1. Any residue at all in segment 12-29 that's part of a helix (DSSP H, G or I) and either touching a strand residue (DSSP E or B) at 6+ places or on another chain (Cβ under 9 Å) or not polar (S, T, N, Q) (or both)?
2. All but one of (1) over 13 Å from VAL12 (Cα atoms); (2) assigned to a strand (DSSP E or B) hold for ILE67; state the number of the condition that does not hold.
3. For segment 31-64: of the residues being part of a loop (DSSP other than H, G, I, E, B) and closer than 19 Å to HIS6 by Cβ, which is most open to solvent (accessible area, probe 1.4 Å)?
Amino acid sequence: MHTVEHLRTNYVYNPETGLFYRKARPHQVCGTLRKDGYVVINWNYKLHLAHRMAWLYVYGEWPTREIDHIDLN
């Protein structure tokens, strides 16, 4: 059940900071920084890359291609 509706119901995404928060714990940032610099979030017992979750949150569908920041960071 990894749908945009489920994501928006349970999480808040701040596009200015790129951070996710669980609605149940609005002051606690979600995610863990991996060694390679990417943030992963455990969502329904599965790890997801935060930047891909952000795409889903904003655009309403999972990205079909590789996504990266404009500045490559």
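The values are calculated or read from the model by the stated rules, or taken from the named source; none is laboratory data. Because the structure is predicted, anything quoted here is derived from the model rather than measured. Glycine gets a Cβ as well: all are built from the backbone with ideal geometry, and neighbour counts include every protein chain shown. Note: accessible area is taken over every heavy atom of the protein model, side chains too, but ligands, DNA and RNA are not part of it. Shrake-Rupley method; radii C 1.70, N 1.55, O 1.52, S 1.80 Å.
1. Here is the first cut: in segment 12-29, the residues part of a helix (DSSP H, G or I) are none.
No: zero hits.
2. Result: ILE67 passes all but (2).
3. Of all residues in segment 31-64, those part of a loop (DSSP other than H, G, I, E, B) come to 31, 34-38, 44-45, 60-64.
Then keep just the ones that are closer than 19 Å to HIS6 by Cβ; that gives 31, 44-45, 60-63.
Numbers: GLY31: 43, ASN44: 70, TYR45: 215, GLY60: 34, GLU61: 113, TRP62: 81, PRO63: 12 Å².
Within segment 31-64, the match that is most open to solvent (accessible area, probe 1.4 Å) is TYR45.
Every residue, every condition in (1) hydroxyl-bearing (Ser, Thr, Tyr); (2) under 9 Å from the mean Cα position of the chain (by Cα), yes or no:
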| position | (1), (2) |
| --- | --- |
| ARG22 | no, no |
| VAL29 | no, no |
| TYR45 | yes, no |
| ALA50 | no, yes |
| ARG65 | no, no |
